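To start, the structure under review is shown below, and the notes come after it.
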Amino acid sequence: MDEKILITGAAGQLGTVLTEALIKKYGPQKIVASDINNISEFGCNFEVLDATDMAEINRIVIKYRITQIYHLAAILSAKGEQNPLSTWDINQKSFFNVLECAKDNKLNKVFFPSSIAVYGNSAPKIKTPQSAFLNPSTVYGMSKASGEQWAQYYSSKYGLDVRSLRYPGIIGYQSSPGGGTTDYAIEIYHSAVKEQPFVCYLNEGTRLPMIFIYDAIRATLELMEARKENLVLRSSYNLQGISFAPKEIIESIKKYYPDFNVIYKPDFRQEIAETWPQSMDDTNAREDWGWIPSYSLADITMEMITQIRNIYEAKNAF
Ligand code: AKB
């Protein structure tokens, strides 16, 4: 099948690297990157797109004969709490637009990123089961939990092939983090490499599920390539990479920067993090499409420090 793929939110943390991976897999002429910001540095077709604008999504889908959409545009957990109503509106409306457009234009597949943020205090914190009760504590989590239900609805009612992952915090060096609660685990590496003290907004023992960007990308591509009949879950698959707390990431950074100094100043993100799982049970992902994570905390630290050093050296930023 000759696929033509649209990515919304392509300039975000996941989008930047996923777009590159899709270009590599399908070729640049098959990929249309889009974002609300005009960043046309992608080596493929690019469109400025506000995904809350249904007419614009339809225009792009028809113009390029799109067959799949990866819908990454969304407001994340911490930023979302600053403006709850518009976060709900943006996250919900854009996903409805994508689902409706995919149904009406009979697209082959849709990818919807969900999150550990769908869980709240009612779910067990350790190895949170796939089917644990969802009572999200943030508007972002609410929009992802309801998005999962809509994915399942479009799949069962209209036969739309919607696939989804509940991502842990994603750690990558390719772009700046954008308003998440797990972002400290990226910012901390930048401070370490710049040899500056780091002000950590989570307490030292706050354990959260995390995943390295290359594992997150591989999981996404593996899920999207999996045989349709193997995918039992049409809401969203739990995905586990590794789990750690600030004190553990600091320990691993201190192997490179022994004098690295961290000051703890927990803020509202601490309360969000406390409602989230510490680790996820991803048995369904392992059984249905063979998921196995590959990056340990030591691997991530080595890769992040090496790559961030290279970036700063290239910019002469030391
Ligand atoms: C966030 O912190 O909001 C995201 C997420 C876990 O979905 N990184």
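Couple of notes before you dig in:
- For segment 60-133, chymotrypsin sites (Phe, Trp or Tyr not before Pro) meeting the loop criterion (DSSP other than H, G, I, E, B) and having at most 13 other Cβ atoms within 10 Å: Phe133.
- Cα convex hull of the chain - mean projected area over all directions, nm²: 15.3
- From the C-alpha gyration tensor of segment 1-130, square roots of 5λ in Å: 26, 17, 15
- Rh by Kirkwood over Cα pairs, then Stokes-Einstein D for segment 49-112 at 1.002 mPa s and 20 °C, µm²/s: 176
- The largest-to-smallest principal axis extents of the Cα set in segment 180-288 are 52, 28, 18 Å.
- Between Arg269, Arg234, Arg59, the GNM of the chain built on Cα springs shorter than 10 angstrom shows Arg59 fluctuating the most.
- Across Lys25/Lys228; Lys93/Lys247; Lys103/Lys228; Lys63/Lys93; Lys79/Lys106, pairs whose alpha-carbon gap is larger than 29 Å: Lys93/Lys247; Lys79/Lys106
- Prolate/oblate/rounded call for segment 19-86, Cα gyration tensor, a/c under 1.5 rounded: prolate
- Loop sites in segment 176-278: GluC sites (Glu not before Pro), DSSP, at most 11 other Cβ within 10 Å: Glu195
- Average Cα contact separation per residue, segment 113-241, under 8 Å, 6 or more apart, as relative contact order %: 30
- Kirkwood radius for segment 116-242, taken over all pairs of different Cα atoms as the inverse mean of 1/r, rounds to 16.3 Å.
- Rounded Å value of the spacing that divides the Cα centres of segment 133-192 and segment 208-228: 13
- Of the DSSP H helices in the chain, those with a Cα length along their own long axis of 15 Å or more and a mean Kyte-Doolittle hydropathy reaching -0.5 comprise 13-26, 54-64, 84-104, 213-225, 297-314.
- Length released on extending from Gln196 to Arg286, taking residue separation times 0.36 nm less the Cα-Cα span: 28.4 nm
- Over the chain: helical MRE at 222 nm, DSSP H runs n ≥ 4 each giving -39500 (n - 2.57), nearest 500: -13000 deg cm²/dmol
- Label zone at Val48 (point 7 Å along Cα-to-Cβ), backbone N below 18 Å, segment 78-98: none
- Two-site label geometry, Glu225 and Asn310: point separation in nm, points 7 Å out along Cα→Cβ: 2.3
Bear in mind that the values in this text are calculations on the coordinates, not laboratory data. Just so we're clear, the structure is a prediction, and the values are computed from it rather than from any experiment. Note that each Cβ is placed from the backbone with ideal geometry, even for glycine, and that neighbours are counted across all protein chains shown.
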